[in-house]
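Remarks on the structure that follows.
The values are calculated or read from the model by the stated rules, or taken from the named source; none is laboratory data. Keep in mind it's a predicted model, so treat the numbers as computed, not measured. When we count neighbours, we look across all protein chains shown, and the Cβ atoms used for this are built from the backbone with ideal geometry, even at glycine. Only protein heavy atoms, including side chains, enter the accessible area calculation; ligands, DNA and RNA are left aside. Shrake-Rupley method; radii C 1.70, N 1.55, O 1.52, S 1.80 Å.
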Amino acid sequence: MATSTDCQQNQDPLKLIREGTSQNQRLPVALDPGYAPVDGRTTAHGMVFADSYAALLKYFDATNSEAGDWTVFFGNDVSVRLAVVAVEDADAYKRNIKSYLDYLDDRQNRNEGAQLRNHLGFLYSSLGTLARQLDLLKEALPADIALKGTLQNLIRSQLAPAFRRLIAYYKAGSSLALVNSVAPSSGSTILRAPVTTFAAVLTAGLSTDWSAGRPWEAYVTTVLEDPAVYGDATADVFVRINHCATHALFRSIFEQFLKVFARTVSEAALALEGTLNNWDRHEPHYALFLAFLRLLEHLRADINSLTRRHLDFYYREILRLQERTFGSRARAPSGGTGQTCRQSSDPGRGVVQGRQGRTRARRLLCQRQGFRRQPGAGRRVEDGLSPYWGGGVRTNRSI
């Protein structure tokens, strides 16, 4: 039999090979000192906060007369527009959509006709508001910001065809009295804008990227009703709305928008970092504000090191624990054999020790030159401390 330098060869080619889990991988992520930082905010959060706070401050002009608020000073910079998107929680939008779909798929709500129509309206209004906000973002970004071109291409190639189908479904649902033109009353927002009804989005209109270059009003009138997603015309309200909410074509629209939304959030964070480092067209007052936020990052980093320093003090000074580096041993998954092996200086040895200390030559593994059992492989391994503490160490005794 050919020799090998690893421990994955098995005599039985149909036997499942499981690598096991290393000691480092078994440790909970909550033991990482960076899991719960003292201050988890970023520069983007500071910009968004300043923009929101500026809307609450009254501005008085040279004649000491009230003239709006301070938003014009803290809300028009390209960086703050990107920051609003970068801090957005796309998962919250996904959870809201899922909750509406789950309500429409619950047979216990079969007799709640008004609420069924409302929740279907919530789906339309949520996606319509997202489309509106993405369009406003695309229009507000300068031409030399790459995200603007990316959004434009995504709208033309992916979102616009999907949104046209949604308009057709909405028109059919309205004609059949299966959907109410309502928005959620929970105060939910998308990109810091309150969710509005789908009818309001259609009235306000979108850019020509959504309408293939045609005027929006004329484009909407050309979209014909499509009642196919509502199923049997003789069924009751629940069956028809449920048929729509579970229809693959209907759900694919929301999945498509969610993918674009998540991509926009991630790319906005990259574009924001570019404007902070390379953009030279900030207004003087806002450039000073950005410099303050960037300097604040050093203080935040020092504050967030408190958790690690506290753990170091507790383990080293209070518990007086000794450190030693991690070994290479691994624990097999539940029900596995738990064999461990290492290279031996004796080429004549080829024995592998099992979890209970017995040789398992029939079942496996490593019957080749240069391997033998690792001392202590049959004994229980104590996990000890987190690898994040003290630079990847564990202790001689468990806590």
Exercise. For Ala262, state whether it is open to solvent by 20 Å² or more (accessible area, probe 1.4 Å) and either aliphatic (A, V, I, L, M) or not in a helix (DSSP H, G or I) (or both).
Key: yes
Quiz item: Within region 119-140, can one find any residue that is over 30 Å from Leu270 (Cβ atoms), at pLDDT below 95 and within 27 Å of the chain's Cα centre (by Cα)?
Solution: no
Quiz item: Would you pick out the residues in region 217-227 that are open to solvent by 60 Å² or more (accessible area, probe 1.4 Å) and touching a residue at least 24 places away in the same chain (Cβ under 8 Å)?
Solution: Leu224, Glu225, Pro227
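Does region 286-308 contain any residue that is under 30 Å from Tyr100 (Cβ atoms) and modelled with pLDDT of 90 or more?
Taking every residue of region 286-308 in turn, none turns out to be under 30 Å from Tyr100 (Cβ atoms) and modelled with pLDDT of 90 or more.
Among the helices (runs of 4 or more DSSP H) lying completely within region 83-198, list those that include at least 3 residues that are closer than 26 Å to Ala235 by Cα.
90-104, 113-140, 160-175
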Quiz item: Hey, any hits in region 31-52 for a residue that's touching a strand residue (DSSP E or B) at 6+ places or on another chain (Cβ under 8 Å), touching a residue at least 12 places away in the same chain (Cβ under 8 Å) and closer than 27 Å to Glu139 by Cβ?
Solution: no
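Every residue, every condition in (1) out of contact with any Pro (no Cβ under 8 Å at 6 or more places or on another chain); (2) free of Cβ contacts under 8 Å to residues at least 12 places away in the same chain; (3) open to solvent by 10 Å² or more (accessible area, probe 1.4 Å); (4) charged (D, E, K, R), yes or no:
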residue	(1), (2), (3), (4)
Ile167	yes, no, no, no
Tyr170	yes, no, yes, no
Ala183	no, no, yes, no
Asp209	yes, no, yes, yes
Pro215	yes, yes, yes, no
Phe254	yes, no, yes, no
Quiz item: Residue check: is Asp105 open to solvent by 30 Å² or more (accessible area, probe 1.4 Å), touching a helix residue (DSSP H, G or I) at 6+ places or on another chain (Cβ under 9 Å) and among the acidic types (Asp, Glu)?
Solution: yes
